[in-house]
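The values are calculated or read from the model by the stated rules, or taken from the named source; none is laboratory data. The structure presented is a predicted model; accordingly, all values stated were derived computationally and were not measured. As a convention, Cβ positions derive from the backbone with ideal geometry for all residues, glycine included, and neighbour counts pool all protein chains shown.
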Number of protein chains: 2
Amino acid sequence: MIDDIFRYEDEIKNRIGEKRFQHTLRVKDTAIKLARIYSVDEEKAEIAGFLHDCAKIRDIELLKQKSAEYGLNIEGELEKAPQVIHAYLGSILAQKLYNVCDKDTLNAIKYHTTGRENMSDLEKIIFLADSTEPMRNFEGVDKLRELSVKDLDMAMYYSLNNTIKMLADKNVYIVIDSIKARNFYREMVY
Amino acid sequence: MIDDIFRYEDEIKNRIGEKRFQHTLRVKDTAIKLARIYSVDEEKAEIAGFLHDCAKIRDIELLKQKSAEYGLNIEGELEKAPQVIHAYLGSILAQKLYNVCDKDTLNAIKYHTTGRENMSDLEKIIFLADSTEPMRNFEGVDKLRELSVKDLDMAMYYSLNNTIKMLADKNVYIVIDSIKARNFYREMVY
């Protein structure tokens, strides 16, 4: 299975660019480490990490075109929060182009940007690996790294709550799933 | 109509206490001023302002008991954000005890704490009068006062966005209606 996935390396690199591709490799490695800590299937973490940004097409028009091609409706929230499109589309490409059948892996790709209520451990791991891979650098990243190896739910809350503050500061759209997730993990840890 | 409402002054004062009652009078006056600016029915603004906190019972057990008595279901979000209960209950009391029939006035009472998408001008005025009455004192209140007499939608966005940041900072539950309202007014002003 793993071999199957990695033969798409060039195709994915061409779609998302070298820099973004290097990020996906770091997310994959971080996800494997977290999977080990939390006794989550490492192969699933590896695949989900490797594929999480497989649809991160920089050109927004191309991204929309690809979404249409694969039947992803981007009206509603995805139109207001276009930074989420690649995650939803990535989940579709993982299934249709790279033959990933495992629902948990597909959901980990789909929700790696917004989060959602009641995530599986694999979903949390991909969400957190994306934010904590070694080259990430933002205020609070060290605390998030610390939390992510100690307590997935606490790390989820910390990450989501900070993201919401950041989105409010920047006056950009806040996806409802993210608030529901933030409230959900708040309840888990408080 | 106005005379009818004011004869409940003592009843309301007894329910919510002198200090809170003085706040409702200031909100009423602020609401009348805003109604004048935005050509909104001043009598409705006066009634909604006067009654907006008519159910603000400080004792949480008593508040829950009163909610049950008037058939207000406080499971779900109201349980997680008990500071909202008084607004929903207030709208019910306004109708059942104080004979307010006007739907817009009842909604202005109901949504004065959370806000919601697509509010009427009266709803916005009560929401903003509650935050900007002369004794209110918090970071940003002067800017909010300024905005509230210039542009209701801009004031709504500023207020909701700041509230969300504050709730995130305090790690408390964020009501979904407030995020939807914040996103809605963001779109109106950006």
Could you check, for segment A:148-157, whether at least one of its residues is under 13 Å from the mean Cα position of the chain (by Cα), within 14 Å of chain B (Cβ to nearest Cβ), surrounded by 23 or more Cβ atoms within 10 Å (Cβ to Cβ) and at pLDDT 95 or above? yes
Regarding A:Lys180, is this residue within 8 Å of chain B (Cβ to nearest Cβ), within 17 Å of A:Ser120 (Cα to Cα), over 16 Å from the mean Cα position of the chain (by Cα) and among the basic types (Lys, Arg)? yes
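Within segment B:165-177, how many residues are hydroxyl-bearing (Ser, Thr, Tyr) and more than 7 Å from every other protein chain (Cβ to nearest Cβ)? Walk me through how you get there before you give the answer.
Just the residues of segment B:165-177 that are hydroxyl-bearing (Ser, Thr, Tyr), to begin with: B:173.
Filter again for more than 7 Å from every other protein chain (Cβ to nearest Cβ), leaving none.
Adding up the residues that qualify gives 0.
Of the residues B:Tyr98, B:Tyr157, which single one is among the aromatic types (Phe, Trp, Tyr), under 20 Å from A:Leu167 (Cβ atoms) and in contact with a helix residue (DSSP H, G or I) (Cβ under 9 Å, 6 or more places away or on another chain)?
Values: B:Tyr98 fails: under 20 Å from A:Leu167 (Cβ atoms).
Just a single option satisfies the conditions, and that option is B:Tyr157.
Here is a yes/no grid of residues against (1) among the aromatic types (Phe, Trp, Tyr); (2) within 19 Å of the chain's Cα centre (by Cα); (3) farther than 19 Å from B:Leu128 by Cβ:
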{"site": "B:Phe6", "(1), (2), (3)": "yes, yes, yes"}
{"site": "B:Glu11", "(1), (2), (3)": "no, no, yes"}
{"site": "B:Ile16", "(1), (2), (3)": "no, yes, yes"}
{"site": "B:Val27", "(1), (2), (3)": "no, yes, no"}
{"site": "B:Asp41", "(1), (2), (3)": "no, yes, no"}
{"site": "B:His52", "(1), (2), (3)": "no, yes, no"}
{"site": "B:Ala55", "(1), (2), (3)": "no, yes, yes"}
{"site": "B:Gly76", "(1), (2), (3)": "no, no, yes"}
{"site": "B:Pro82", "(1), (2), (3)": "no, yes, yes"}
Tell me whether segment A:32-43 contains one or more residues that are in contact (Cβ under 8 Å) with a residue 24 or more places away in the chain, aromatic (Phe, Trp, Tyr) and under 29 Å from A:Leu152 (Cα atoms). yes
Check whether at least one residue in segment A:141-157 is under 27 Å from A:Ile92 (Cα atoms) and β-branched (Val, Ile, Thr), and report yes or no. no
Does any residue of segment B:19-27 turn out to be farther than 20 Å from B:His86 by Cβ, among the hydroxyl-bearing types (Ser, Thr, Tyr) and in contact (Cβ under 8 Å) with a residue 12 or more places away in the chain? no
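Every residue, every condition in (1) surrounded by fewer than 17 Cβ atoms within 10 Å (Cβ to Cβ); (2) hydrophobic (A, V, I, L, M, F, W, C); (3) part of a helix (DSSP H, G or I); (4) within 14 Å of another protein chain (Cβ to nearest Cβ), yes or no:
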| site | (1), (2), (3), (4) |
| --- | --- |
| A:Ile109 | no, yes, yes, no |
| A:Asn118 | yes, no, no, no |
| A:Ala129 | no, yes, yes, no |
| A:Met135 | yes, yes, no, no |
| A:Lys143 | yes, no, yes, no |
| A:Ser159 | no, no, yes, yes |
